[in-house]
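Colleague: Just passing along the structure, written as structure tokens.
The values are calculated or read from the model by the stated rules, or taken from the named source; none is laboratory data. Values in this document were obtained by computation on a predicted structure and should not be read as measured data. Positions of Cβ are backbone-derived with ideal geometry, glycine not excepted, and every protein chain shown enters the neighbour counts. Surface accessibility is based on the protein's heavy atoms, side chains included, excluding ligands, DNA and RNA. Shrake-Rupley method; radii C 1.70, N 1.55, O 1.52, S 1.80 Å.
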Amino acid sequence: MANIRASLNALARSNAASRDILDQYKNILRTIFQGNPEELVDGAKALVESLIVDEHIDLVTSRQMLSELSEKLSSLPDESTKEICHFIISKVQPRAMSFEDQLIIVRRILSGMYEKEQNWSDAANVLAGIQLESGQKQYSPDFKLEIYLKIAQLYLENEDAVQAEAYINRSSVLQVQSKETKLRILYQACYVRVLDYRRKFIEAAHRYIELSYRNDVHECERMTSLKLAMNCAILASAGQQRSRLLATLFKDERCQQLPAFGILEKMYLDRIIRKSQLLEFDAMLMSHQKATTADGSSILDRAVIEHNLLSASKLYKNITFLELGRLLEISPEKAEKVASRMIGEKRMEGSIDQIEGLVAFQAQDALPTFDQKIKGICTHTNSILEKIRASEPDWVSSVSTT
């Protein structure tokens, strides 16, 4: 170790040509990695210090030597690699503008070490330190997109959806510019996971379904996307949007192969679901999907209670809060709150009579709405024909006669 420091000090005072100095640094680097393994880390630190701190070493030499040192780090034990990477970052960061490429390489190596240990938070934070918008160097949209998506992935693995969303938002413009199909698919996969974490289950389910139909995605991943779409559809708040979503999934023959199809089928057919029937499905959910809501119930409990209430509205004209509570397996007070919320949000037609202690349901007749839509289409078609007749009367008369 003393010999290496002496060689580095002598080199710092040398008046040799830059090419010769570079060759001597390469010899020192070779000596460090071929020498005593116990002194390797200290030797690498001494080399870095000489390259960065010594003002007599030109920038080209420092950059090339840091790059060569980075290439050799993969041959070291993980702990040694991490220690050297942290040292390089601490020494080089004050001069980050001069060593942008080298810092990116070192940070990616260090992040990879943490990722291998499943230390997602540190892996993401190390990559997040990369300055891609500094203005000193212009990076391609694909490169920036790749880094941002990797950071978002790591934050999602750490279940930090807030930080992940920040990097997904940065990626949104870049993915439009990118021609790399793989990166665009990765963006969609990360974005839908953010929606899932934020409990936007209906939107997440639709995007999972889109991914499940992509031919450029592996069959196994397509089925995983479909399974996640089913989970989100089941967890979504009851209402017309979810009903349409359930219909889409129920008619997809692939869903019949999945374990959650039984619950999906009951929801689609408006059957009452008991808590005892949910144990197997609950075990399939991810940790963030098992979170509790403000009233203390789980997301799954809330979704099933709302579904059962909507199913009850198609079976009964009216029902007391006491009986409704028994049907939904909750207290009468909670049953009243759920019913009033769903009626207030226009997700269910009905009214509440607090004096009588009951909720009255109003049957939704789809036929008038359907007729109204047909009438609107016919009116619109008529107006188009009138415009054609006004602009091209000769053509209209010739068509009419034939």
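Colleague: Karplus couplings for segment 379-385 from phi (6.51 cos²θ - 1.76 cosθ + 1.60, θ = phi - 60°), rounded to Hz, Gly and Pro as x?
Modeller: 3J(HN,Hα) across segment 379-385, in whole Hz: 4, 5, 5, 4, 5, 5, 4.
Colleague: Then there is this: Once the whole set of protein chains is in place, how much accessible area is left on E180, using a 1.4 Å probe, in Å² to the nearest 10?
Modeller: Using a 1.4 Å probe on the heavy atoms, I get roughly 90 Å².
Colleague: Next up: Sort largest first and round to whole Å: the equivalent ellipsoid semi-axes of segment 1-155, each the square root of five times a Cα gyration tensor eigenvalue.
Modeller: Taking √(5λ) for each eigenvalue gives 29, 19, 11 Å, largest first.
Colleague: With no solvent and one equal point scatterer placed on each C-alpha of segment 262-332, evaluate the Debye formula and give log10 I(q)/I(0) for q = 0.12, 0.15, 0.17 Å⁻¹, two decimals.
Modeller: Normalising to I(0) and taking log10 leaves -0.34, -0.52, -0.66.
Colleague: Assuming R0 = 25 Å, what is the FRET efficiency of R5 and R108, from their Cβ-Cβ distance, to the nearest 0.05?
Modeller: The formula returns an efficiency of 0.25 here.
Colleague: Here is a further query. If you roll a 1.4 angstrom probe over the protein chains with everything in place, what fraction of the accessible area of segment 170-285 belongs to carbon and sulfur, to the nearest %?
Modeller: Within segment 170-285, the accessible surface is 47 percent carbon and sulfur.
Colleague: Also, I was wondering about something else. Tell me, what HN-Hα J-couplings in whole Hz come from the Karplus equation 6.51 cos²θ - 1.76 cosθ + 1.60 at θ = phi - 60° for each residue of segment 306-321, using x for Gly and Pro?
Modeller: Calculated HN-Hα couplings, in order: 5, 4, 4, 5, 5, 5, 5, 5, 8, 9, 10, 7, 7, 7, 6, 4 Hz.
Colleague: Please list, by residue number, every one of the GluC sites (Glu not before Pro) in segment 40-140 that is coil in DSSP and has at most 16 other beta-carbon atoms within 10 Å.
Modeller: Sites meeting the loop and neighbour criteria: E55, E117, E133.
Colleague: Moving on. Please report, largest first and rounded to whole Å, the three semi-axes of the ellipsoid equivalent to the chain, where each semi-axis is the square root of five times an eigenvalue of the C-alpha gyration tensor.
Modeller: 62, 31, 17
Colleague: Per the 1.4 Å probe, what fraction of the accessible area of segment 82-137, in percent, lies on carbon and sulfur atoms?
Modeller: Of all accessible area on segment 82-137, carbon and sulfur atoms account for 46 percent.
Colleague: Give me the extension gain from R389 to K290: residue separation times 0.36 nm, minus the current Cα-Cα distance, reported in nm with one decimal.
Modeller: 29.5 nm
Colleague: With the Cα gyration tensor of segment 176-221 giving a ≥ b ≥ c as the square roots of its eigenvalues, does the rule (a/c under 1.5 for rounded; else a/b larger than b/c for prolate; else oblate) give rounded, prolate or oblate?
Modeller: oblate
Colleague: Using the Karplus curve 6.51 cos²θ - 1.76 cosθ + 1.60 with θ = phi - 60°, what ³J(HN,Hα) values do you get for each residue of segment 141-148, in whole Hz, with x for Gly and Pro?
Modeller: x, 5, 5, 5, 4, 4, 5, 4
Colleague: Moving to a separate point now. From the mean inverse distance of alpha carbon pairs (Kirkwood) and the Cα radius of gyration, derive Rg over Rh for segment 112-155.
Modeller: Rounded to two decimals, Rg over Rh is 1.03.
Colleague: Among 101-113, 343-355, how do they line up by average Cβ neighbours within 10 Å per residue, starting with the highest?
Modeller: My ranking of the peptides, most packed first, is 101-113, 343-355.
Colleague: Could you tell me, in Å, what Rg and Dmax come out for the Cα atoms of segment 68-224?
Modeller: Here Rg and the maximum Cα pair distance are 17.0, 50 Å.
Colleague: Follow-up. Using a 1.4 Å probe, what is the accessible area per residue for the chain, in Å²?
Modeller: Per residue, the chain has 55 Å² of solvent-accessible surface.
Colleague: Here's something else I'd like to know. Amide H of S298: which non-local residues (sequence gap of 5 or more, or other chain) have their own amide H closer than 5 Å, using H built in the peptide plane?
Modeller: Under 5 Å from the amide H of S298: T293.
Colleague: So, one more: Taking amide hydrogens as modeled 1.01 Å from N in the peptide plane, which residues meet the under 5 Å criterion relative to G350, leaving out close sequence neighbours?
Modeller: The list, which skips near neighbours in sequence, is Q362.
Colleague: Right, here's the next one. Can you give the calculated 222 nm mean residue ellipticity of the chain, where each DSSP H run of n ≥ 4 adds -39,500 (n - 2.57) and the sum is split over every residue, rounded to the nearest 500 deg cm²/dmol?
Modeller: -22000 deg cm²/dmol
Colleague: Below 8 Å, C-alpha to C-alpha, sequence gap of six or more: please give me the relative contact order for the chain in percent.
Modeller: 7
Colleague: Here's another thing I want to ask about it. With every protein chain present, what accessible area does Y197 have (1.4 Å probe, heavy atoms only), rounded to the nearest 10 Å²?
Modeller: So the heavy atoms of Y197 present about 40 Å² to solvent.
Colleague: Quick one: length gained pulling V396 to T181 fully straight, 0.36 nm per residue minus the C-alpha distance?
Modeller: Result: 72.6 nm gained on full extension.
Colleague: Still on this structure, I have one more. What order do E39, E386 take when sorted by accessible area (1.4 Å probe), most exposed first?
Modeller: Greatest to least solvent exposure: E386, E39.
Colleague: Among T181, I273, P259, which residue has its Cα furthest toward the positive end of the charge dipole of segment 145-296, with +1 on Lys/Arg Cβ and -1 on Asp/Glu Cβ?
Modeller: It is I273.
Colleague: Let me ask something else. Using a 1.4 Å probe on the protein heavy atoms only, what accessible surface does Y213 show? Give it in Å² to the nearest 10.
Modeller: Roughly 130 Å² of Y213 is accessible to a 1.4 Å probe.
Colleague: What do the square roots of 5 times the Cα gyration tensor eigenvalues come to for segment 58-98, in whole Å, largest first, as semi-axes of the equivalent ellipsoid?
Modeller: In descending order the semi-axes read 20, 13, 5 Å.
Colleague: Let me ask you something else. In square nanometres and to one decimal, what's the mean projected area of the convex hull around the Cα atoms of segment 79-145?
Modeller: Its average projected convex-hull area is 4.6 nm².
Colleague: Could you state the orientation-averaged shadow area of the convex hull built on the Cα atoms of segment 244-402, in nm² to one decimal?
Modeller: Approximately 15.6 nm², given one-decimal rounding.
Colleague: Return the long-range amide H neighbours of L358 (sequence gap of 5 or more, or a different chain), with a cut-off of under 5 Å between placed amide H atoms.
Modeller: Correct list: F321, D353.
Colleague: Any idea how far apart R244 and E221 come out in nm if each label point goes 7 Å out from Cα toward Cβ?
Modeller: A separation of 2.9 nm, rounded to one decimal place.
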